[in-house]
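Asker: Got a structure for you, questions after.
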Amino acid sequence: WNALISDADTIVIDTRNAYEVSIGTFKGAVDPATTSFREFPAWVEQHRAELVGRKVAMFCTGGIRCEKATAYAKSLGLEDVFHLKGGILKYLEEVPAEQSLWQGECFVFDERVSVSHGLVEGEAELCRACRHPLTGPDLLSSKYAAGISCPHCYDARSDEDRARYAERQRQVELAEAQGRAPHIGR
């Protein structure tokens, strides 16, 4: 994989959604800036001319989306299309950090939020309002309030939304202070 994506003739494409890409990706990878994988086929069609005659290497978190993306690209007539088998997670599990071309953390769809090399839990946190992963600068933003808002959703949410989120956060903190199981919204 490292040799393939280091080849100047290879276009490396991150098939994940923009919020996943925001905390980590492979060096030099193209980010299609999709909000949903359903948008990816249209992106490939729009950029097909740039991909024809080139080696294309695609990757995703666990290997499923990039496998589908590879099949779709081949159905459009692209020939030298490859994907990272087992996805980023397998890569981070097997490739030593000193040999890795991965930059940042990998978003995961569980309470860990992100992982790094060796599948060690990362440092990213999750905005409980919009579910976007948050890094250090996000947490320092004036638009960040735990459980209520972050720089990615603050301007898209109403005061009423933030009031609801604040009440939910209050209930979460109260339950935790009383030693009860985490609130269902968490």
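Read-outs throughout are calculated quantities, based only on the coordinates presented, and are distinct from any laboratory measurement. The structure displayed is predicted, hence computed values, not measured ones. Don't worry about glycine lacking a Cβ; one is built from the backbone with ideal geometry, like all the others, and counts go over all protein chains shown.
Asker: How long are the semi-axes of the equivalent ellipsoid of the range 126-177, taking √(5λ) for every eigenvalue λ of the Cα gyration tensor, in whole Å from largest down?
Answerer: Taking √(5λ) for each eigenvalue gives 18, 14, 8 Å, largest first.
Asker: Return an integer: the convex hull volume of the alpha-carbon atoms of the range 35-81, in Å³ per residue.
Answerer: 70 Å³
Asker: Let me ask something else. Could you please state, rounded to a whole Å, how far the C-alpha centre of the range 130-178 is from the C-alpha centre of the range 1-68?
Answerer: So the two Cα centres are separated by 31 Å.
Asker: Next question, about the same structure. Can you work out the FRET efficiency for the pair A163 and S75, with r the C-beta to C-beta distance and R0 = 41 Å, to the nearest 0.05?
Answerer: Efficiency computed from Cβ-Cβ geometry: 0.30.
Asker: OK, next. Going by alpha carbons, how many degrees (0 to 90, nearest 10) lie between the helix axis of 64-75 and the longest principal axis of the chain?
Answerer: With rounding to tens, the tilt is 40 degrees.
Asker: Further, regarding this structure: Can you tell me the dipole magnitude for the chain around its Cα centre, using point charges on the Cβ only (Lys, Arg +1; Asp, Glu -1), in Debye to the nearest 20?
Answerer: 460 debye
Asker: I need the shape label for the range 1-58. Rule: rounded when a/c is under 1.5, else prolate if a/b > b/c, else oblate, with a, b, c from the alpha carbon gyration tensor.
Answerer: Taking the square roots of the gyration eigenvalues as a ≥ b ≥ c, the range 1-58 is oblate.
Asker: Tell me which of A33, A129, T61 sits at the most positive position along the dipole axis of the chain, charges placed on C-beta atoms (Lys, Arg +1; Asp, Glu -1).
Answerer: Of A33, A129, T61, it is A129.
Asker: Antiparallel versus total DSSP beta bridges in the chain: what percent is that, nearest 5?
Answerer: Counting DSSP beta bridges with both partners in the chain, the antiparallel share is about 50 percent.
Asker: Pop the C-beta distance of R180 and E123 into the FRET formula with R0 = 30 Å and round what comes out to the nearest 0.05.
Answerer: Computed FRET efficiency for R180 and E123 comes out at 0.65.
Asker: By residue number, which cysteines of the chain lack any other Cys whose Cβ falls under 4.7 Å from their Cβ?
Answerer: Isolated Cys, the chain: C106.
Asker: Under 4 °C and 1.567 mPa s, how fast does the range 2-123 diffuse according to Stokes-Einstein, given a Kirkwood radius computed over C-alpha pairs? Answer in µm²/s, whole number.
Answerer: Stokes-Einstein gives a translational diffusion coefficient of 90 µm²/s.
Asker: How do the peptides 131-138, 60-67, 93-100 rank, highest first, by the average count of neighbouring beta carbon atoms within 10 Å per residue?
Answerer: 60-67, 131-138, 93-100
Asker: Right, here's the next one. Considering the options G104, Y144, G118, tell which one lies farthest towards the positive end of the dipole of the range 56-186, charges being +1 on Lys and Arg and -1 on Asp and Glu at the Cβ, about the Cα centre.
Answerer: Y144
Asker: Would you mind putting 111-120, 153-162, 9-18 in packing order, based on average other-beta-carbon counts within 10 Å, highest first?
Answerer: Top of the packing list down: 9-18, 111-120, 153-162.
Asker: Taking 0.36 nm per residue of separation and subtracting the Cα-Cα distance, what length does fully extending E45 through L139 add?
Answerer: My answer for the length gained is 30.2 nm.
Asker: Moving on. For a Förster distance of 30 Å, can you work out the FRET efficiency between the beta-carbons of V52 and S6, rounded to the nearest 0.05?
Answerer: 0.90
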